[in-house]
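Below: the structure, in structure tokens.
The values are calculated or read from the model by the stated rules, or taken from the named source; none is laboratory data. Only a predicted model underlies this, so the values are computations on that prediction, with no experimental measurement involved. Positions of Cβ are backbone-derived with ideal geometry, glycine not excepted, and every protein chain shown enters the neighbour counts. Keep in mind that these areas ignore ligands, DNA and RNA; they rest on the heavy atoms of the full protein, side chains included. Shrake-Rupley method; radii C 1.70, N 1.55, O 1.52, S 1.80 Å.
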Amino acid sequence: MSFQPQTATDRLILPLDVPTVEEARAIVAETKGAVGVYKVGMQLQFAGGLPFAEELAREGHKVFLDVKLLDIDNTVEQAVRNIAKMGMTFVTIHAYPKTMRAAVAGLGGAGLCLLGVTVLTSMDDEDVKAAGYAGSAAELVKSRAVAARAAGMGGIVCSPQEVGDLRDLVGPDLVLVTPGVRPAGSSADDQKRVMTPGDAIRAGADYLVCGRPITGAADRRAAAEAVVEEIAAAL
């Protein structure tokens with residue numbers, strides 16, 4: 001199954017990183033049609049977000065369940081088997097080779113795109129070194145991207161700064177999802193490896209995750225539409 005986006009709007013992933021389902025539902029109502037995928041991450045998952053994610057999927061929205069699975073093989077395999085029944089479009093797995101192989105084993109023939117999380121965009125070379133890795137963040141991203149392809153994953157999550165070097169490594173079929181996307185002039189917040197929407201698309205990203213510049217805007221719909229316009233101009 002291909003998970004390649006068809007339109008500029010398809011490419012925009014909006015994180016619903018808010019404390020309550022009520023707030024998330026309001027964001028969806030305000031941005032419906034201007035966003036391709038809604039991402040339900042850990043903050044919302046622990047506030048009723050899992051049933052809400054299923055609700056969104058039943059309503060026809062594409063949903064990115066950002067759980068970043070990492071556990072023993074059997075646990076990951078069985079978790080993916082259950083997530084595949086929820087109607088999600090994307091789900092994240094930490095890009096450890098054994099973990100990704102277990103996730104793929106649990107997928108079966110489900111229409112769910114498994115995304116390997118390479119190195120979080122809040123981390124830089126010093127953070128990677130502090131975590132016990134000898135090389136740079138970019139080197140670790142490359143090795144994990146190659147492992148994701150070998151495991152049969154549907155795509156990877158990486159910063160936009162690495163995406164330009166990865167297409168030759170992973171081939172045309174794996175989707176490249178890039179957090180750390182910030183429109184020009186907006187705050188980087190806690191992200192360290194960032195890029196504008198247009199630059200990320202020109203570098204080769206398939207999907208862009210852009211959250212606080214949209215959810216924190218006075219007019220969220222207009223903010224989402226502005227990002228989509230920048231994406232479209234870069235295609």
Give the ranking of Lys142, Lys39 by solvent-accessible surface, highest area first, calculated with a 1.4 Å probe.
Lys142, Lys39
Ranking Lys62, Lys85, Lys32 from most to least accessible area with a 1.4 Å probe gives Lys85, Lys32, Lys62
Classify the range 64-196: rounded, prolate or oblate, from the alpha-carbon gyration tensor (a ≥ b ≥ c, eigenvalue square roots; a/c under 1.5 rounded; otherwise prolate if a/b is larger than b/c)?
prolate
Largest to smallest accessible area among Leu70, Leu112 [probe 1.4 Å]:
Leu70, Leu112
Calculate for the chain the 222 nm mean residue ellipticity that helices alone would give, adding -39,500 (n - 2.57) per DSSP H run of length 4 or more and normalising by residue count, nearest 500 deg cm²/dmol.
-12500 deg cm²/dmol
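From Cα pairs below 8 angstrom and at least 6 apart in sequence, can you work out the relative contact order of the chain, rounded to a whole percent? Intermediate values should be presented prior to the final figure.
Values: 463 pairs, mean separation 46.2, N = 235.
Here the relative contact order equals 20 percent.
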Which of the three applies to the range 1-79, rounded, prolate or oblate, going by the alpha-carbon gyration tensor with a ≥ b ≥ c and a/c under 1.5 meaning rounded?
oblate
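First select every other residue whose beta carbon is under 11 angstrom from the beta carbon of Gly135; then total the charges, Lys and Arg +1, Asp and Glu -1.
Details: positive: Lys129, Lys142; negative: Asp125, Glu139.
It works out to a net charge of 0.
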Quick one: pull the percentage of alpha-carbon pairs in the range 192-235 with a separation above 16 Å.
35
Let me cross-check Arg167: its accessible surface, 1.4 Å probe, with only protein heavy atoms counted, in Å² to the nearest 10?
70
With N set to the residue count of the range 15-140, report its C-alpha Rg divided by 2.2 N^0.38 Å to two decimal places.
1.15
Roll a 1.4 Å probe over the protein heavy atoms and report the accessible area of Glu229 in Å², nearest 10.
120
Once the whole set of protein chains is in place, how much accessible area is left on Leu114, using a 1.4 Å probe, in Å² to the nearest 10?
0
Here the range 126-235 gives, from Cα atoms, an Rg and Dmax in Å of 14.8, 44
Regarding the chain, what are the three Cα extents along the principal axes, ordered largest first, in Å?
43, 36, 33
Heavy-atom accessible area per residue, the chain, 1.4 Å probe: how many Å²?
43
How large is Rg over Rh for the range 31-73, taking Rg from the Cα atoms and Rh as the Kirkwood inverse mean of 1/r across Cα pairs?
1.04
